[in-house]
1. Is it true that some residue in region 95-108 is more than 13 Å from Ala45 (Cα to Cα), within 15 Å of the chain's Cα centre (by Cα) and among the charged types (D, E, K, R)?
2. Name the single residue that is surrounded by the fewest Cβ atoms within 10 Å (Cβ to Cβ) among those in region 78-136 being in contact (Cβ under 8 Å) with a residue 40 or more places away in the chain and among the charged types (D, E, K, R).
Amino acid sequence: MRVIATLALSLASTLLIAAATLEAQQNPGSPSDGRTPPAPSAQGAPKGDADNGKKIYSSYGCYQCHGYAAHGGPGGRLAPRPIAFAAFARYIRRPTGQMPPYTAKVVSDQEVADIYAFLLTIPPPPAANTIPILAR
């Protein structure tokens, strides 16, 4: 069983690296080429507390599907550059797919704003060509 888990992790890492490399080749101006991406916009988002958002993200288990840095997983990528706040809040309340709905009784509007503020602080992962073992 341990061998299967190790192989699955290795395969997932390889696929992630391959996707980043392909993205850099297909979109030379993208963040994966080593350049700094444009800062995400909080336009339309209510004021949120990023530190509290990080705590909420962790305590509600968001990391289990979206990863600790929200860069993706079975639940998809949330950061960097999250979707517009209105779409983000709407999806949290009425998701499609496997994600359970987080009604206002479970996650308040302020907590949604805090989580979004946290997502805005997450930097992009390093470009594949800046990681020594991956550089050619």
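Rule-based calculations on the coordinates, nothing more; no lab input. Model, not experiment: these values are computed from the prediction. As a convention, Cβ positions derive from the backbone with ideal geometry for all residues, glycine included, and neighbour counts pool all protein chains shown.
1. no
2. It comes out as Asp109.
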